[in-house]
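This report refers to the structure that appears directly beneath it.
The values are calculated or read from the model by the stated rules, or taken from the named source; none is laboratory data. Worth saying up front: this structure is predicted, and the values here are computed from it rather than measured. Because the Cβ atoms are built from the backbone with ideal geometry, glycine has one as well, and the counts that use them run over all protein chains shown.
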Amino acid sequence: MLRSIAELAAYGTFAVLLTAASLAPQPGGGASSATITTGPKALTSSAAAQPAVTVTSRGALLFATKGCIGCHTHVSFPNARMQVGPDLTAVAERAGTRVSGLDARAYIRQSLREPGAYRVAGYTAVMPDLRLTDEQIDSLTAFLLSPAR
């Protein structure tokens, strides 16, 4: 049984590393910017600005690896069952109405930067300070504001 648990942990770690590697910026062989077409609009990406899809994907990966799924549910992670914090599937719809003067993006960013800043009624658990970088906060915010998948 211990061998099975160790193998499962190794496979899980391997899966996370593969996902992270697929989301990592790839070294460019030529120009420092690219145009990515998604639907009717084209996004221009430079070394400093990542395409929205990549940032959102990194946010999803962070949601899993930073332990958010240990307390929150989200439709993107159907196997997450523990819920000591609010369901974050439709947080984009609610976040803009939670604090006067803050839109959804500002509310989510501040909640990630200062986890104890706001409490949702009905939940007693305290969100831990994950010591996120600005880039991680941007990625998680993009994921949480993206349409539920």
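Overview of values
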| item | result |
| --- | --- |
| Flag for LEU140 being under 11 Å from the mean Cα position of the chain (by Cα) and part of a helix (DSSP H, G or I) | yes |
| Hits in region 93-113 (condition: part of a helix (DSSP H, G or I), of a type in the set (A, V, I, L, M) and surrounded by fewer than 17 Cβ atoms within 10 Å (Cβ to Cβ)) | ALA106 |
| LEU62 being at pLDDT 90 or above, under 17 Å from SER139 (Cβ atoms) and in contact with a Cys (Cβ under 8 Å, 6 or more places away or on another chain) | yes |
| Filtered residues of region 114-140 (kept if of a type outside the set (Asp, Glu), surrounded by 11 or more Cβ atoms within 10 Å (Cβ to Cβ) and out of contact with any Leu (no Cβ under 7 Å at 6 or more places or on another chain)) | PRO115, ALA117, TYR118, ARG119, VAL120, TYR123, ALA125, VAL126, MET127, PRO128, LEU130 |
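Per-residue answers, yes or no, for (1) touching a strand residue (DSSP E or B) at 6+ places or on another chain (Cβ under 7 Å); (2) without any contact (Cβ under 8 Å) to a residue 12 or more places away in the chain; (3) of a type in the set (A, V, I, L, M, F, W, C):
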position	(1), (2), (3)
HIS74	no, no, no
ALA80	no, yes, yes
ASP134	no, yes, no
LEU140	no, no, yes
